[in-house]
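Have a look at the structure below, then the notes.
The values are calculated or read from the model by the stated rules, or taken from the named source; none is laboratory data. Keep in mind that what you see is a predicted model, and the values were worked out from it rather than measured. Using ideal geometry, Cβ is built from the backbone for each residue, glycine included, and neighbour counts are taken over all protein chains shown. For the accessible areas, the whole protein counts, side chains as well, though only heavy atoms, and no ligand, DNA or RNA atoms are used. Shrake-Rupley method; radii C 1.70, N 1.55, O 1.52, S 1.80 Å.
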Amino acid sequence: MSADRRRWVLHVDLDQFIAAVEVLRRPELAGKPVIVGGRGDPTERAVVSTASYEAREFGVGSGMPLRIAARKVPDAVILPVDAEAYTVASEQVMSALRAQPGATVQVLGWDEAFLGIETDEPEAYARSVQAAVLERTALHCSVGIGDTLVRAKVATGFGKPRGVFRLTAENWLDVMGARPTIDLWGVGSKISKRLAGLGIRTVAELAAVEDEDLVAEFGPRMGPWYAQLGRGEGATVVDDTPWVARGHSRETTYQQNLVERVAVEAAALELLAQVLEDVAADGRPVVGLGLKVRYAPFITKTFTKKIASTFDRETVLAKTMELVEKIEDRPIRLLGVRAEMAMPDDARQGHTPTRGGW
């Protein structure tokens, strides 16, 4: 074995995955701005699921209201979401990854996964992964190489599209140090603003902070975790333990605002019935509930409640309606209901791939 042979983490991320799948089905769309979202009708309330690189050049991004995306790119091809097709394509990708020699595969979603490998030539291995995925699925991917899951994940962004990039302890601060903290995986706009309030604006500044210095602001668990992110540290071992859902949720954006209280309650009950079907299929008790409400024009509130572990539908129903009572008498454009379930003893721990030892 070579003295340089060591363990690496690769993060494989499919390039414009959903749009790419649609282009494979309709080759005439290649090179055109493609937007996928909702039922493909920009006059309806829906958001962009993904956009091709051609559409992204006009400022279209995931989560943007479909009507705004259509306004930005008037000649875009707008397609409805076809989850079944994306699931099939994803399974083919993951099968190709699992076939790679010596690889441990941790799936993150439809279009991304970590690979744990041992090699003295990680770039060459990454290129072979790209070739295998392309041969199996005709889809392109980018690969980040790291010595931790965090660094591998962040590295992928520098490799896009269709590229390979290595980010390790040796070059972490050279590459990331001057960047704003929001560029870190796991740090959104709210957290970056809170960090800025502490005088921490760059990754280098966050990396220099002692773990305990963030406890007062973020708590004893999350404070040290954000400091760890600033250093690019964290889990180094890819875990292929099957992922188990912590909960199930359903939400609906209504084409006409819900105004009457009776309509709001009926909509919440309909969503809860769907959620409980998903929960029943898992066979685990409910331990928590969540209610998401988006008031018109676009103000979102979330209510949560922990409950005693139960399989009883009537109990869950009653506790959900307690959350519904918190909804204000204002026009509503979206409702979502979530049920958290008890986790099995052998489940992978943590909420995200960067926390709790993932």
Ordering 85-94, 215-224, 295-304 by per-residue average of other C-beta atoms within 10 angstrom, highest first, gives 85-94, 215-224, 295-304
The answer for the chain, accessible area per residue at 1.4 Å probe in Å², is 49 Å²
Here the net charge surrounding residue 18, from other residues whose Cβ is less than 10 Å away from its Cβ (Lys, Arg +1; Asp, Glu -1), is -3
Non-local residues with an amide H under 5 Å from the amide H of residue 47, with H modelled 1.01 Å from N and Pro and chain starts lacking one, are 38, 66
In the range 1-87 the accessible area split gives carbon plus sulfur, as whole percent at 1.4 Å, a share of 50 percent
Rounded to the nearest 10, the angle in degrees between the Cα long axis of helix 83-98 and the longest principal axis of the Cα atoms of the chain comes to 30 degrees
Taking Cα atoms only, helix 313-324 is inclined relative to the longest principal axis of the chain by an angle, in degrees rounded to 10, of 90 degrees
Karplus ³J(HN,Hα) for the range 225-231 (6.51 cos²θ - 1.76 cosθ + 1.60, θ = phi - 60°; Hz, whole; x = Gly/Pro) runs 5, 5, 4, 5, 4, x, 8
Distance in Å, no decimals, from the C-alpha centre of the range 137-168 to the one of the range 1-54 is 15 Å
Under the helix-only model (-39500 (n - 2.57) for each DSSP H run of 4 or more, divided by the residues of the chain), the mean residue ellipticity at 222 nm, to 500 deg cm²/dmol, is -11500 deg cm²/dmol
Burial-style ranking of 318-330, 138-150, average other-beta-carbon count within 10 Å with highest first, yields 138-150, 318-330
Ranked output for segments 21-27, 331-337, 104-110 by mean other Cβ atoms within 10 Å, highest leading, reads 331-337, 104-110, 21-27
The relative contact order of the chain, taking Cα pairs under 8 Å that sit 6 or more residues apart, comes to a percentage of 14 percent
Length gained if residue 174 through residue 326 is fully extended, taking 0.36 nm per residue and subtracting the Cα-Cα distance, is 49.9 nm
The local net charge around residue 211, scoring Lys/Arg +1 and Asp/Glu -1 for residues other than residue 211 whose Cβ lies under 13 Å from its Cβ, equals -3
Carbon and sulfur atoms account, in whole percent of the 1.4 Å probe accessible area of the range 183-237, for 52 percent
Distribution output for the chain: share of Cα-Cα pairs per 20 Å bin in percent, first bin at 0, values 24, 57, 18, 0
Lys pairs in the chain with Cα under 14 Å (8 or more apart in sequence, or on separate chains) total 7
Taking every other residue with Cβ under 14 Å from the Cβ of residue 39 and scoring Lys and Arg +1, Asp and Glu -1, one gets -1
In degrees rounded to 10, the 0-90 angle between helix 122-137 Cα long axis and the longest Cα principal axis of the chain is 50 degrees
Given a Förster distance of 25 Å, the FRET efficiency implied by the Cβ-Cβ spacing of residue 183 and residue 6, rounded to the nearest 0.05, works out to 0.40
